[in-house]
Amino acid sequence: MGKRLIAGLMLVMVTTVCLAQRGSSPRFRGSRIVDFNFDRRGVPDWEIDEEFPDDVFTFVRIMYNAQGNGWGKWRTDYPDSDLNFSYRLQQLTSLKVNPNPIILELTDPRLFDYPWIYIVEPGGEPGWAGLNLSPPEVKALRRYLDNGGFLMVDDFWGEREWYNFYIELKKVFPDREPVDLPLDHPVFHCVYELSEKPQVPSIDRAIQGRPYGITWEREDAKEPHYRGIFDDDGRLVVMICHNTDLGDGWEREGENKWYFHEFSEKKAYPLGINIVFYAMTH
């Protein structure tokens, strides 16, 4: 199945001119989002089976408060990455996928209706606060993961950002440590066969570094890390993508042909699809 999907990915992406590049931002009222009416920006829509409207995979982005009560960068790449990834997942696999990604807070009771959630840029950077989980969020996330949920964390770079995220992770799992996933772990092979742990930089950094073969965004972030948290039964419940930015590979696929072929096509989509398939089948 992996080879057929790879061929399909290459054919479809080459013949499709462009998907989402820039969508409208969500509107805010005070500290809460009240509207997510975004322009699909050319991403095709599709129908969900009316008899099984809930029997679909939905891309769920987590909205979080940041240190200092700021909004942080949870909305990075939104809505383009979410729309593009949902479309490619529907188009290239046998999964039934919701064409409309959603955003939830961890304390939203609807969280437990969805088996897969996504947190982006949890580490923070100068001028932007990192993830800062409140006690209710910690409780909700631990309960969600202990009851079969799966969390993917993406797009943070360097040791300082890792430390910021690690502190928050220990709030949720004081009894567990993240471990590096070896390349022979099934998540790197369950649909697409990956021969390396891919590093996906932002599109701007990729273009700047192209003449020098630089794919990292900081000097202390040269090596991509894929780490996991496992439950008592050995189930992978959190996959942490550090020193890489899969979301930019999804978001920016239509903006630069070289970036698309080198990072979206070869790395960001294959690994993202693998992660979802692994989460949904293990």
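The values are calculated or read from the model by the stated rules, or taken from the named source; none is laboratory data. As the structure is a computational prediction, the values presented were derived from the model and not from experiment. Note: ideal-geometry Cβ built from the backbone for every residue, glycine included; neighbour counts use all protein chains shown. Ligands, DNA and RNA are excluded from the accessible area calculation, which covers all protein heavy atoms including side chains. Shrake-Rupley method; radii C 1.70, N 1.55, O 1.52, S 1.80 Å.
Distance from the C-alpha centroid of region 135-172 to that of region 234-265: 19 Å, rounded to the whole angstrom. Shape analysis of region 60-280 yields a ratio of the Cα radius of gyration to the Kirkwood radius, Rg/Rh, of 0.93. Relative to the Cα centre, what is the charge dipole magnitude of region 93-223, using +1 at the beta carbon of each Lys and Arg, -1 at the beta carbon of each Asp and Glu, and rounding to the nearest 20 debye? The dipole of region 93-223 has a size of about 320 debye.
For the pair Val179 and Arg210, a Förster radius of 25 Å applied to the C-beta separation gives a FRET efficiency near 0.15, rounded to the nearest 0.05.
Remark: region 60-280 carries a charge dipole of roughly 300 debye about the Cα centre, counting +1 on each Lys and Arg Cβ and -1 on each Asp and Glu Cβ. On region 60-280, 48 percent of the accessible area sits on carbon and sulfur atoms, based on a 1.4 Å probe.
Taking all protein chains into account, the per residue accessible area for region 60-280 stands at 38 Å² (1.4 Å probe). Each residue, Glu47 and Tyr163, gets one label point 7 Å from its Cα in the Cβ direction; the gap between the two is 5.6 nm. Sparse packing (at most 16 other Cβ atoms within 10 Å of the Cβ) combined with a DSSP loop state is found for the following trypsin sites (Lys or Arg not before Pro) in region 142-214: Arg176.
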